[in-house]
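> My structure is below; once you've seen it, I'll send some questions.
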Amino acid sequence: MTIDSTEILAQVEQLHRDRPFAEHPLWVGMMEGTHSVSQLRVFAKQFGILPLWNNQYHGPLYVNCPDPKWREMLGEVVYEEATGRLYADGLPHNQLYTNFGIGLGVSREEMWQTEYGPGAQAIRDWFIDYCNRGTLEGVSCHMLAGESHGPGVYGVMAKRLQEQYDLSEEAVAFWAIHDVADEDHSGIGKDLLADFAKTTADGRLVIDTVNATLDRMFAFYDDMFEMMGQVH
């Protein structure tokens, strides 16, 4: 049985409304500026499992995509992450992110050499697994679940980080830029559904993947929040 991709997207959006990530205490503290600098350093290092190793996530989506039109669009996402030449004035996104750590007093080398906690390791393994599966599963996991909630939140968070912690624009640029870039990336994922999600089974696969990924994302937030609570 065929299915309209707009129906799938409506269900994906409902999953995000049911579990808004910005209401998790980790992100509430980021938005309200209530974490200490020491706690932010823990966050910066652990969250780095996503932006610093993005080649392991977006890369397979591009490599494995069977459709040349969509492979080109996914290639643009990989290009932006690797070079920053679309949104970040030529700064690769991993460098944008390490600038955030540097602003908090964590060296670039320390950011790259982080010993990741179980939550970070689990979300890395989950993304690697799903991004190396079929295009529909990879896009559902990384773009529809992982990237579609940031726009509208990250920009506000960047301003709060500047105000509360006296961080420079360079230090918060990663968050400000991803307020735009993640909207573009998740938008590509949404558009892709029209070509790749054709049947009821496809729709179920998308919803199940997004739902399961949100479970892992929130476990990641829980783990980081617990680690942050161990420092002052």
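The values are calculated or read from the model by the stated rules, or taken from the named source; none is laboratory data. Not measured: the values here are computed from a predicted model. Cβ coordinates were reconstructed from backbone atoms using ideal geometry, including for glycine residues, and neighbour counts include every protein chain displayed.
> Within the range 77-93, which residues are closer than 18 Å to Leu61 by Cα and of a type in the set (Gly, Ala, Ser)?
Matches in the range 77-93: Ala82 only.
> Could you please give the count of residues in the range 104-135 that are free of Cβ contacts under 8 Å to residues at least 60 places away in the same chain and polar (S, T, N, Q)?
Total meeting the criteria: 2.
> If you go through the range 60-72, how many residues are in a helix (DSSP H, G or I) and surrounded by fewer than 19 Cβ atoms within 10 Å (Cβ to Cβ)?
Of the residues in that region, 6 qualify.
> If we keep just the residues of the range 105-147 that are small (Gly, Ala, Ser) and part of a helix (DSSP H, G or I), which is surrounded by the most Cβ atoms within 10 Å (Cβ to Cβ)?
Step by step, filter the range 105-147, then rank; the result is Ser140.
> With Glu147, Glu170 as the choices, which residue is acidic (Asp, Glu) and modelled with pLDDT of 95 or more?
Residue meeting the stated conditions: Glu170.
> Follow-up question, since we're still on this one. Can you name the condition, by its number, that Arg85 falls short on among (1) surrounded by 15 or more Cβ atoms within 10 Å (Cβ to Cβ); (2) not aliphatic (A, V, I, L, M); (3) not in a helix (DSSP H, G or I)?
If we test Arg85 against (1) surrounded by 15 or more Cβ atoms within 10 Å (Cβ to Cβ); (2) not aliphatic (A, V, I, L, M); (3) not in a helix (DSSP H, G or I), just (1) comes out false.
> Residues to consider are Tyr154, Tyr97; find the one that is closer than 27 Å to Ile8 by Cβ, among the aromatic types (Phe, Trp, Tyr) and surrounded by 21 or more Cβ atoms within 10 Å (Cβ to Cβ).
The match here is Tyr154.
> Looking only at the range 194-211, count how many residues are in a helix (DSSP H, G or I), in contact (Cβ under 8 Å) with a residue 24 or more places away in the chain and more than 19 Å from the chain's Cα centre (by Cα).
Qualifying residue count, the range 194-211: 7.
> In the range 36-64, which residues are touching a helix residue (DSSP H, G or I) at 6+ places or on another chain (Cβ under 8 Å), more than 15 Å from Gly134 (Cα to Cα) and among the small types (Gly, Ala, Ser)?
Within the range 36-64, Ala44, Gly48 meet the criteria.
> Being farther than 19 Å from His178 by Cα, out of contact with any Leu (no Cβ under 9 Å at 6 or more places or on another chain) and buried (at least 19 other Cβ atoms within 10 Å of the Cβ), is that true of even one residue in the range 25-38?
no
Per-residue answers, yes or no, for (1) within 28 Å of Phe218 (Cβ to Cβ); (2) modelled with pLDDT under 95; (3) out of contact with any Gly (no Cβ under 9 Å at 6 or more places or on another chain):
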site: Met73; (1), (2), (3): no, yes, yes
site: Glu109; (1), (2), (3): no, no, yes
site: Tyr116; (1), (2), (3): yes, no, no
site: Asp129; (1), (2), (3): yes, no, yes
site: Arg133; (1), (2), (3): yes, yes, yes
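> Restricting to the range 39-58, name every residue that is at pLDDT below 95, surrounded by 19 or more Cβ atoms within 10 Å (Cβ to Cβ) and part of a helix (DSSP H, G or I).
Asn54, His58
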